[in-house]
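The values are calculated or read from the model by the stated rules, or taken from the named source; none is laboratory data. Just so it is clear, the model here is predicted, and its values are computed rather than measured. Note that each Cβ is placed from the backbone with ideal geometry, even for glycine, and that neighbours are counted across all protein chains shown.
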Amino acid sequence: MSAVENVVRKLRELEDLLVQCSRCGTCQAVCPLYKKDRQEHSVARGKMFLIEAIYEGRLEKAEEVFAHLDYCLLCGRCKRECPSGVKTDEIFLKAKAILRQVKKMPAWQKLVLKVAMGKPELLAALAPFFHMGLKVGAKKNAEGLFKPRHFLRSVAGDLADKHVVNIAPEALTKKYGGLNQAKNERMRVIFYPGCATALIYTNWGEAIIETLLHYGISVHVPEANKCCGIPSATMGELEIYKGQVNDNFDWFDSILDADTVITSCPTCEYGLADMGQTATGRSSTKRFVDIIVFLEEVLGDELPTGIPLEGSSTLHVPCHYDHSKDAVLKNFIRKHFDTDYQDLANQNCCGFGGTFNLKNYPHSKEVGRSKGEEIRDRGFKNLFTPCPGCAMQLSDSCAGADAGVAATHPVVELYRHLKQ
């Protein structure tokens, strides 16, 4: 059997998932990319039509479909709003993995993926060099973001227009890896920082760990943070993804005195607790919970209230956040901070999409542009989000709009108050 024939056969196995789509078009109303492009292949319905066209013999160039499937933020809005309950994320990730048989990832890219995602100790060791390299090769703005210098445009391409958050000089796990034991311990938890918190927003990780310790909660932190695997999945490398999920589950299971995994990245939580369990067929023995939800559930009124913040505040709720807890997130800000809190009118995806941002930066930037403009026009001085990927994107969008603010996590401000 040829590679193409095998692809057709395997794509046909997705038919039970695909036939659930009634072609109603609800996904058009919520897809950030369709709103921008108005192209059918940008939306879930169009992508599923292309998959069907391959195994039904109406489309021969299967490898070209990969590009259309890859043009997706994996925001999950189509899945969440679908009246037929179509599992669009599962369909697209599986289809991309199947199409990798005819649309091979270049060997060097696969090597980088395996090293970057599979060698956390190496990434942590290289953090100081990345930190210094960005300082030399980029210009810092008033909000602490870096923009590559002009001479790097020939190398960076469109990414030379991006405002980026610097890699921390030291990985979070170097200081906190292992068991961090609290005085007057009341319980123990696991904190899974994810790559962005472990290497970039280490101040988020410090704030979360130190706040938990302050209230008598001991914290297990990985000695070396292993990626949740979502970048591998989005690039069509499902086997690598499954291995990364299993590695993390093995570590979680090795910790017998804690049954809760606290996360600071909704996409990591999705990649492990949701899609990770689907892809591996393995059920985690631990409960996964966002840090804000955990603080409200466990500590509640023990936390300080009325922490003064200068100016008005707003919040971006990430696409992968547990939306049954949106009210908890908003009320956390209202309850614990003395600030004029207002919702954003634009509740759309920020446009980051992880690897999508790197591969399609002009499109990613366009999706996020209106958020930055709204934040500027309404004069917000504090911008919160519980997702480091969203924080990077929002900070870039705000810098592009000259909004004069960068995104941060609510726990960072909470910890700042506790230290005083």
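Here is how the numbers come out for the structure above:
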item: Lone qualifier among Lys135, Lys139 - being in contact with a strand residue (DSSP E or B) (Cβ under 8 Å, 6 or more places away or on another chain) and either among the polar types (S, T, N, Q) or at pLDDT 75 or above (or both); result: Lys139
item: Among residues of region 160-178, those that are assigned to a helix (DSSP H, G or I), within 22 Å of Ala198 (Cβ to Cβ) and not hydroxyl-bearing (Ser, Thr, Tyr), counted; result: 3
item: Residue within region 365-386 that is hydroxyl-bearing (Ser, Thr, Tyr) and over 19 Å from the mean Cα position of the chain (by Cα) present; result: yes
item: All positions within region 383-407 that are surrounded by fewer than 20 Cβ atoms within 10 Å (Cβ to Cβ) and not in a helix (DSSP H, G or I); result: Ala401, Asp402, Gly404
item: Hey, Asp274 on the phi < 0 side of the Ramachandran plot, of a type in the set (Asp, Glu) and under 23 Å from the mean Cα position of the chain (by Cα) or not; result: yes
item: Qualifying residue in region 194-217 (condition: charged (D, E, K, R) and within 21 Å of Pro128 (Cβ to Cβ)); result: yes
item: Residues (closer than 20 Å to Pro193 by Cβ and among the aliphatic types (A, V, I, L, M)) located in region 271-290; result: Leu272, Ala273, Met275, Val289
item: Filter pass, Ala156 being of a type in the set (A, V, I, L, M, F, W, C) and in a loop (DSSP other than H, G, I, E, B); result: no
item: Lone qualifier among Ala62, Ala53, Ala3 - being over 27 Å from the mean Cα position of the chain (by Cα), surrounded by fewer than 14 Cβ atoms within 10 Å (Cβ to Cβ), of a type in the set (A, V, I, L, M, F, W, C) and under 15 Å from Leu99 (Cα atoms); result: Ala3
item: Scan of region 20-57 for residues that are among the aliphatic types (A, V, I, L, M) and within 21 Å of Val7 (Cβ to Cβ), ordered by number; result: Ala44, Met48, Leu50, Ile51, Ala53, Ile54
item: Residue selected from region 42-97 under the condition part of a loop (DSSP other than H, G, I, E, B) and of a type in the set (Lys, Arg), by the criterion nearest to Met275 (Cα to Cα); result: Lys87
item: Unique match (being within 24 Å of Ile209 (Cβ to Cβ), in a loop (DSSP other than H, G, I, E, B) and either in contact with a Leu (Cβ under 9 Å, 6 or more places away or on another chain) or not assigned by TED's automatic domain parsing to the domain that holds Cys78 (or both)) among Thr285, Thr267; result: Thr285
item: Considering residues of region 300-321 that are out of contact with any Leu (no Cβ under 9 Å at 6 or more places or on another chain) and surrounded by 14 or more Cβ atoms within 10 Å (Cβ to Cβ) only, the residue nearest to Cys228 (Cα to Cα); result: Pro318
item: Meets criteria (touching a Ser or Thr at 6+ places or on another chain (Cβ under 9 Å) and over 22 Å from Gly353 (Cβ atoms)) for Gln20; result: yes
item: Qualifying residue in region 239-253 (condition: buried (at least 18 other Cβ atoms within 10 Å of the Cβ), of a type in the set (Val, Ile, Thr), more than 14 Å from the chain's Cα centre (by Cα) and assigned to a helix (DSSP H, G or I)); result: yes
item: Residue that is surrounded by the most Cβ atoms within 10 Å (Cβ to Cβ), among those in region 269-288 that are of a type in the set (A, V, I, L, M, F, W, C) and within 16 Å of Asp253 (Cα to Cα); result: Leu272
item: Single condition Glu64 does not satisfy, out of (1) out of contact with any Cys (no Cβ under 8 Å at 6 or more places or on another chain); (2) touching a residue at least 12 places away in the same chain (Cβ under 8 Å); (3) of a type outside the set (Val, Ile, Thr); result: (2)
item: Residue that is farthest from Glu223 (Cα to Cα) [pool: residues in region 102-115 that are surrounded by 16 or more Cβ atoms within 10 Å (Cβ to Cβ) and not β-branched (Val, Ile, Thr)]; result: Lys103
item: Some residue of region 289-297 being outside any helix (DSSP H, G or I), in contact (Cβ under 8 Å) with a residue 12 or more places away in the chain and touching a helix residue (DSSP H, G or I) at 6+ places or on another chain (Cβ under 9 Å); result: yes
item: Cβ-Cβ under 8 Å pairs, at least 6 apart or on other chains, region 345-367 side farther than 14 Å from Cys31 by Cα, far side part of a helix (DSSP H, G or I) and β-branched (Val, Ile, Thr); result: Gly354/Ile230; Gly354/Thr234; Gly354/Thr267; Thr355/Thr234; Phe356/Thr234
